[in-house]
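Below: the structure, in structure tokens.
The values are calculated or read from the model by the stated rules, or taken from the named source; none is laboratory data. From a predicted model like this one, the values you see are computed outputs, not experimental measurements. All Cβ positions, glycine included, derive from the backbone under ideal geometry; neighbour counts span all protein chains shown.
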Amino acid sequence: MNEQYISAAELRLLRQAGLSETVIAHSERVTAAALWLADQVREEAGLDAPDSLGRERLRRGAVFHDLGKAEDGGVLHGVVGARIGRALGLEEDVCRTMEVHVRGGVPAEQAEHYGLPPGDYRPATLAQQLVVLADKLVDVVEAGKAATVAEALENLADILHRHPNLGKDEATTGRILDLAGTFQAVRRPG
Ligand SMILES: [Fe+2]
């Protein structure tokens, strides 16, 4: 396990929570992808800020995003993860990242449709948004539809339209592509 992405203490926490090695390996790939995205973001976008928008929170959000899979393999793993995370005393921003990462970040009016408890599940910070995007890019690579995260990003719209199961549903696919658009808007030129 690469120390650069997941610290020994974080790895211990993920294992103690009961997360499988498969989910932990996925979380490491998502963390690498989220940091790769963050590296390309323009300075003024604020990812280097030492607060909840910052790069370290993005990293920790990615590390823990699937924590809830220790208890729930379905759409509820986001809220379950946030509950576990709060009980463990993880930062609120990290818990919020878990909550908002499912189905591309569900708006309040669609929460019931997805079987989520009432609430707004849209990623609000750039850090949260990049974790959600990174998660999908890694899903695409893990499904064998792109060789690299960069290739997944490059061809994301095409891939999600050709493989609707990866986008889960049309609304989710739309939200993911919106996040890709948000990233392109803050991407450094060149
Ligand atoms: Fe997840």
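Listed by first and then second residue, the pairs linking a residue in region 99-110 that is over 17 Å from residue 63 (Cβ atoms) and part of a loop (DSSP other than H, G, I, E, B) to a residue that is of a type in the set (Phe, Trp, Tyr) and away from the ligand (no atom under 11 Å from the Cβ), with Cβ atoms under 8 Å apart and 6 or more places separating them unless they lie on different chains, are 105/121; 106/114; 106/121; 107/121. Of the residues examined, residue 96 is one that is more than 13 Å from the ligand (Cβ to nearest atom), in contact with a Ser or Thr (Cβ under 9 Å, 6 or more places away or on another chain), of a type outside the set (Asp, Glu) and not in a loop (DSSP other than H, G, I, E, B).
Return a yes/no flag: does region 105-114 have any residue that is closer than 20 Å to residue 167 by Cβ and either surrounded by 19 or more Cβ atoms within 10 Å (Cβ to Cβ) or at pLDDT below 95 (or both).
Within region 105-114, one or more residues are closer than 20 Å to residue 167 by Cβ and either surrounded by 19 or more Cβ atoms within 10 Å (Cβ to Cβ) or at pLDDT below 95 (or both).
Could you say whether any residue in region 113-134 is of a type in the set (Asp, Glu) and touching a helix residue (DSSP H, G or I) at 6+ places or on another chain (Cβ under 6 Å)? Spell out the reasoning first.
First, pick out the residues of region 113-134 that are of a type in the set (Asp, Glu): 120.
Subset that is touching a helix residue (DSSP H, G or I) at 6+ places or on another chain (Cβ under 6 Å): 120.
Checked region 113-134: at least one residue is of a type in the set (Asp, Glu) and touching a helix residue (DSSP H, G or I) at 6+ places or on another chain (Cβ under 6 Å).
Residues in region 35-73 that are within 13 Å of the ligand (Cβ to nearest atom) and either surrounded by 16 or more Cβ atoms within 10 Å (Cβ to Cβ) or modelled with pLDDT of 95 or more (or both): 61, 62, 63, 64, 65, 66, 67, 68, 69, 70, 71.
Rundown of residues vs (1) in contact with a strand residue (DSSP E or B) (Cβ under 9 Å, 6 or more places away or on another chain); (2) free of Cβ contacts under 8 Å to residues at least 40 places away in the same chain; (3) part of a loop (DSSP other than H, G, I, E, B); (4) on the phi > 0 side of the Ramachandran plot, yes/no style:
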| site | (1), (2), (3), (4) |
| --- | --- |
| 130 | yes, no, no, no |
| 146 | no, yes, yes, no |
| 161 | no, yes, no, no |
| 166 | no, yes, no, no |
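Residues that are touching a residue at least 24 places away in the same chain (Cβ under 8 Å) and in a loop (DSSP other than H, G, I, E, B) within region 83-93 comprise 90, 91, listed in sequence order. Across region 40-82, the number of residues qualifying as closer than 20 Å to residue 12 by Cβ, more than 16 Å from the chain's Cα centre (by Cα) and outside any loop (DSSP other than H, G, I, E, B) comes to 1.
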